[in-house]
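Asks: Before I ask anything, here is the structure I am working with.
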Amino acid sequence: MQRNRSNRETLRAVGSVIGLIVVTWILTNVVGFVVVGALWIADIALTSPPSYVLQFLTQAVVFIGVAVAYSRYSGVSLNIRRPTIRHLGLIVLGTIALLGLAQLLGWLFMELDVPGGTNQIERIARSNPQLLLALIPIAFFLIGPSEELLFRGCVQGRLRESFGAKAAIALASLLFGLMHIPAIIATTPAGVGSYILTTFVLGLLLGSLYEYTETLVVPAFAHGLYNAILFAALYQTIG
């Protein structure tokens, strides 16, 4: 009887977080469609920097709204505390580790002759370099934190209740990687796979930071600072 109850709880946890991700994806696309329609009516070019900025802001707001609603519905706690000096140091160290891991994986894929994938944001930015200047603060304050609120706060938090911390970190990181599939630009399936693997590994670090510090502030702003640095570096290259 105990085993059956445990199996049901496990299935319920997995179904809950998959449902959360599906609902988030649907809402992001629905709201995004409405925003695009409003931009079209206002005669604002959909490929203009203001249009892209508004779309990124909209996605972040949807992520935050869904995460807060899920937390209240499910009872999963979103652990957010005022950062201490120690937390600020861990944000910096976490960002350095993320950058190092990304570089290491990139070098490894190159050595193995595995093609890489890129995010659509990079393609968009290459044709609109000025967009990157707006995305740098948005990445730090909204894009990174909103993704962490959803995946580390809600997904990892819910899975932890049934699987424990280590398995929750791994499963949440896998889902985090898979969630990026629609945004990946790659010429081969191997390119898609290398991007997902990179995102998965970075997710493991972010998830570990969350479990170690017991506050979303550290992975949220490490993630945001990591993205902001990538955008700044890209602007230096193509701007």
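Asks: What is the spin-label model distance, in nm, from residue 133 to residue 29 if the labels are put 7 Å beyond Cα along the C-beta direction?
Replies: Roughly 3.5 nm, to one decimal.
Asks: Using a 1.4 angstrom probe on the protein heavy atoms only, line up 96, 41 by accessible area, largest first.
Replies: On the way: 96 105, 41 135 Å².
From most exposed to least exposed: 41, 96.
Asks: Just how large is the dipole of region 142-230 about the Cα centre, in debye to the nearest 20, putting +1 at every Lys and Arg Cβ and -1 at every Asp and Glu Cβ? Numbers along the way, then the final one.
Replies: Details: 4 positive and 5 negative charges, 26 e Å.
Approximately 120 debye in magnitude.
Asks: Probe 1.4 Å, all protein chains in place: accessible area of residue 77 in Å², nearest 10?
Replies: 70
Asks: Kindly sort 141, 200 by accessible area of their heavy atoms, largest first, with the probe set to 1.4 Å. Please list the in-between numbers first.
Replies: Working: 141 130, 200 55 Å².
So the residues, ranked largest to smallest area, are 141, 200.
Asks: Something else: Compute the angle between helix 49-74 and the longest alpha-carbon principal axis of the chain, please, reported from 0 to 90 degrees and rounded to the nearest 10.
Replies: 10
Asks: Let's see if you can work this out: charge +1 on each Lys and Arg Cβ, -1 on each Asp and Glu Cβ, no other charges. What is the dipole magnitude of region 90-172 about its Cα centre, in debye to the nearest 20?
Replies: 220
Asks: Quote the relative contact order of region 51-173 in percent (integer), defining contacts as alpha-carbon pairs under 8 Å separated by 6+ residues. List each step's numbers first, then the result.
Replies: Numbers: 63 pairs, mean separation 54.9, N = 123.
Once normalised by length, the contact order is 45 percent.
Asks: Sticking with this structure for a sec: Please work out how much accessible surface residue 169 shows to a 1.4 Å probe, ignoring ligands, DNA and RNA, in Å² rounded to 10.
Replies: The accessible area of residue 169 comes to roughly 20 Å².
Asks: When the Cα centres of region 46-89 and region 177-239 are compared, how far apart do they sit, in Å?
Replies: Each part reduced to its Cα centre gives a spacing of 15 Å.
Asks: Taking the Cα atoms only, what angle lies between the long axis of helix 189-213 and the longest principal axis of the chain, rounded to 10 degrees?
Replies: 60
Asks: Counting only helical runs of four or more DSSP H residues, what would the 222 nm mean residue ellipticity of the chain come to if each run contributes -39,500 (n - 2.57) and the total is spread over all its residues?
Replies: After summing the helix terms and dividing by the residues of the chain, the value is -26000 deg cm²/dmol.
Asks: Please give the per residue accessible area of the chain, computed with a probe of 1.4 Å over protein heavy atoms only, in Å². Walk me through the numbers before you get to the answer.
Replies: Details: 12550 Å² over 239 residues.
I get 52 Å² per residue for this part.
Asks: While we're here: Any chance you could look up the accessible area of residue 187 with a 1.4 Å probe, heavy atoms only, rounded to 10 Å²?
Replies: Near enough 130 Å² of accessible area.
Asks: If you line up the long axis of helix 2-41 against the longest principal axis of the chain, both from Cα atoms, how many degrees apart are they, to the nearest 10?
Replies: Rounded to the nearest ten degrees, it is 20.
Asks: Give the carbon-plus-sulfur fraction of the accessible surface of the chain in %, rounded to a whole number; probe 1.4 Å, heavy atoms of protein chains only.
Replies: Answer for the chain is 68 percent, counting heavy atoms of protein chains only.
Asks: Subtracting the Cα-Cα distance from 0.36 nm times the residue separation, let me have the gained length for residue 237 to residue 41 in nm, one decimal.
Replies: Working: separation 196, 0.36 × 196 = 70.56 nm, distance 3.47 nm.
Extra length from residue 237 to residue 41 when fully extended: 67.1 nm.
Asks: Full extension from residue 111 to residue 68: what is 0.36 nm times the residue separation minus their Cα-Cα distance, to one decimal in nm?
Replies: Values: separation 43, 0.36 × 43 = 15.48 nm, distance 4.25 nm.
11.2 nm is the gain from fully extending residue 111 to residue 68.
The values are calculated or read from the model by the stated rules, or taken from the named source; none is laboratory data. Quick caveat: nothing in here was measured; it's all calculated off a predicted structure. All Cβ positions, glycine included, derive from the backbone under ideal geometry; neighbour counts span all protein chains shown. The accessibility values were calculated without ligands, DNA or RNA, using every heavy atom of the protein model including side chains. Shrake-Rupley method; radii C 1.70, N 1.55, O 1.52, S 1.80 Å.
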